[in-house]
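Here is the structure we will look at, set down as structure tokens.
The values are calculated or read from the model by the stated rules, or taken from the named source; none is laboratory data. Everything quoted here is computed from the prediction, not taken from an experiment. Quick note on the areas: whole protein, heavy atoms, side chains included, nothing else; ligands and nucleic acids left out. Shrake-Rupley method; radii C 1.70, N 1.55, O 1.52, S 1.80 Å.
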Amino acid sequence: MEISPPSFQRVFKDEENLESRAVKRYLEAHSAEAVPVDIMEASSEVVAESQRLCRELRARSRDYCQLMNADQQYIYEHGFSYLNSKYCVETWLKADVATREALESIGNAELFRGYNDWNDVHEHREREMMKNIRRYAETHPFNTGIFLLGAAHRRGIMDKAASLACAASVAIDWNFGEYGELIDGWRSDAAAIA
């Protein structure tokens, strides 16, 4: 699961959210183990930088603002059907392009640093989650696993699954099921956007 060990304890023992309720319900009916594989949550400084960046982008980039408003509307109207679709991937790819274009236009080095810091945190977390899954697979044989993660990490995890499969000492057959189209779809969309 995309959750750090300290947060795992808190969320599964002391609090409830959508994910913890879903996992608890699954575990009631299936013999399985919930395993936290994330390494951390972003520091308060990086979160603050990201929030400032979003405020500035909303104030200065009409394209970014329209894409984020559409994203929120689609989430409200369609929920997980949208979050698990190629349209969500496309919207976030376009928002990333709008972000980079706005940052270049604004020319504020501090905002650019915040953008890069946030992306670095995401990249580091995704690499570590994949390593932790591999380590778990090396020491705990299993036939089937489910990796629960947020939609913001899906594209990065799919890329890393393909590249890490070759380097793993244990064969992990990543099956993205219906997401198979997303792997090809977002790559062609990314090329069209760029």
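Summary of values
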{"read-out": "Normalised alpha carbon radius of gyration of segment 5-112 [divisor 2.2 N^0.38 Å]", "value": "1.38"}
{"read-out": "Accessible area in the full protein assembly, largest first, 1.4 Å probe, for Asp117, Asp173", "value": "Asp173, Asp117"}
{"read-out": "With all protein chains modelled, accessible area of Leu27 [1.4 Å, Å²]", "value": "60 Å²"}
{"read-out": "With all protein chains modelled, accessible area of Thr139 [1.4 Å, Å²]", "value": "100 Å²"}
{"read-out": "Cα extents of the chain along the three principal axes, largest first (Å)", "value": "52, 39, 34"}
{"read-out": "Solvent exposure ordering (accessible area, 1.4 Å, most first) of Ile133, Ile75", "value": "Ile75, Ile133"}
{"read-out": "Listed residues Asn108, Asn84, Asn143, most fluctuating in the chain (Gaussian network, C-alpha, under 10 Å)", "value": "Asn143"}
{"read-out": "Probe 1.4 Å, all protein chains present, accessible-area order of Tyr136, Tyr115, largest first", "value": "Tyr136, Tyr115"}
